[in-house]
1. Work out, step by step, the length gained on full extension between GLU284 and GLU312: first 0.36 nm times the residue separation, then minus their alpha carbon distance; give nm to one decimal.
2. Tell me, what ³J(HN,Hα) does each residue in region 239-245 have, in order and in whole Hz, if you take phi through Karplus 6.51 cos²θ - 1.76 cosθ + 1.60 with θ = phi - 60° and put x for Gly and Pro?
3. Give me a comma-separated list of calculated 3J(HN,Hα) values for region 224-236, in order, Karplus coefficients 6.51, -1.76, 1.60 applied at θ = phi - 60°, integers in Hz, x for any Gly or Pro.
4. With r defined as the distance between the Cβ atoms of ASP351 and SER228 and R0 fixed at 56 Å, what FRET efficiency is calculated, to the nearest 0.05?
5. Name the residues of region 272-308 whose amide N is less than 18 Å from a point 7 angstrom out from the Cα of THR44 along the C-beta direction?
6. Order by neighbour count: CYS47, CYS306, CYS252, CYS355, fewest other Cβ atoms within 10 Å first, most last.
7. Going through the cross-link list LYS16/LYS304; LYS67/LYS346; LYS16/LYS153; LYS153/LYS187; LYS67/LYS322, which pairs have a Cα-Cα distance over 19 Å in this structure?
8. So who's got an amide H within less than 5 Å of the one on THR44, skipping anything under 5 residues away but keeping other chains? H placed 1.01 Å off N, in plane.
Amino acid sequence: MSAQNRGLQRPILNAKVNFPVTLAPMVGLSHVAFRRLLRGYLPTGACTIWPTEMLNSRRIPGENLAKTPETMRAPEETELVPQILGNEERPIALSVARLEHEWGAAGVDINMGCPVKKALNHNYGVALMGDSGYAAEVVRMTVANTRLPVSVKLRAMSVFDAGSTTGSTSHSTSPSASAADLSYLLKFVRGLEEAGASWITLHPRTAEQKRRGSADWRQIRELREAISLPVIGNGDIQTADDALAMLESTGCDMAMIGRALTARPWLLWQLGEELGFAAPPGREGERAPRSPLEEGREYGRALKTCLIYMREHFSDDLALRKFRFLVRTGSPWLHFGQDLYARSTKAKTLDELACALEVFFAGEQPMAARTELRQ
């Protein structure tokens, strides 16, 4: 994929968005400090969309959006697409109104992929995928209450055979969903399209699978070929090569990356080099880290930077907890990541945490390209 292919095949959000990779909305991780860290690795001239953590539409109307950790934002942040969880019109209407007019959202994403029990009990998240008419109505009521584009993030249909890809590591050889399953998926998404959805994100694992097995990228390709809406693919991206492979093999308009970015935020820079973008601002003349030792050194720099941002936005106690969670998520890519995580849990203050980072990264700390953890 060359520099001539920078632009998205089907526009997502607005004409400025020209970079085919985005962060996934992750609870406890896709917050303002981590988004700021990632933006520092975005190539010069690149523009993508930025999610928030999952936001409950029942809570947003009464929250202080500037002080609630999940809705904190930096003044320079643009192209923000908060993700909401909900199924009732009044709280959705109040939420999107505040996000659009007070907070500065550029779009709204509806979560129909969360498999957490609490969401299922309220008929949120992936529970909506059991009723295509109801799901379409949730999109319709959201679209009716905002001028912003509305997207939907889905998992594979729960009627898929959850074991069909279990244990497979090859996306090209894992069995496709059955014709009946794909038919239901396409019917479901067409209902969302008719209700006014602007784009769709598909993580091709069922709720039952969670992170087991391999994501069936063929479902992304099938969806992309069958509908006119832009499609974002999500699942099993750990490297820049994985992102390019998803874009090329599925034809999706954008690739979404979750936990791998907590370990390798410079993946955005690596991908930018492949696409012909210039280095990120402030890193002119440098090449993206590539070797295990280069990446290990950059991981240390990234964590130190993110800790600075967390100090700026969160209380000390919250910053400690969020930083530990960030390390817990990203450290498996580090050869001695368990030692780093243990040090982070022993630190009782942010100053102790900063000192622990200095000591740990004083030596060379190689990173692995992949882990066995599913994305």
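What follows is calculated from the coordinates using simple rules that are stated; it is not laboratory data. A quick note: this is a predicted structure, and the numbers were derived from the prediction, not measured. Cβ: placed from backbone, ideal geometry, glycine included. Neighbour counts: every protein chain shown.
1. 7.5 nm
2. Couplings: 9, 4, 4, 4, 4, 5, 5 Hz.
3. Couplings: 4, 7, 9, 10, 8, 6, x, 10, 9, x, 9, x, 6 Hz.
4. Details: r = 54 Å, r/R0 = 0.97.
After rounding, the FRET efficiency stands at 0.55.
5. 272-289
6. So the ranking, lowest neighbour count to highest, is CYS355, CYS47, CYS306, CYS252.
7. Details: LYS16/LYS304 31 Å; LYS67/LYS346 28 Å; LYS16/LYS153 22 Å; LYS153/LYS187 16 Å; LYS67/LYS322 16 Å.
Over 19 Å apart, Cα to Cα: LYS16/LYS304; LYS67/LYS346; LYS16/LYS153.
8. ALA278, ALA279
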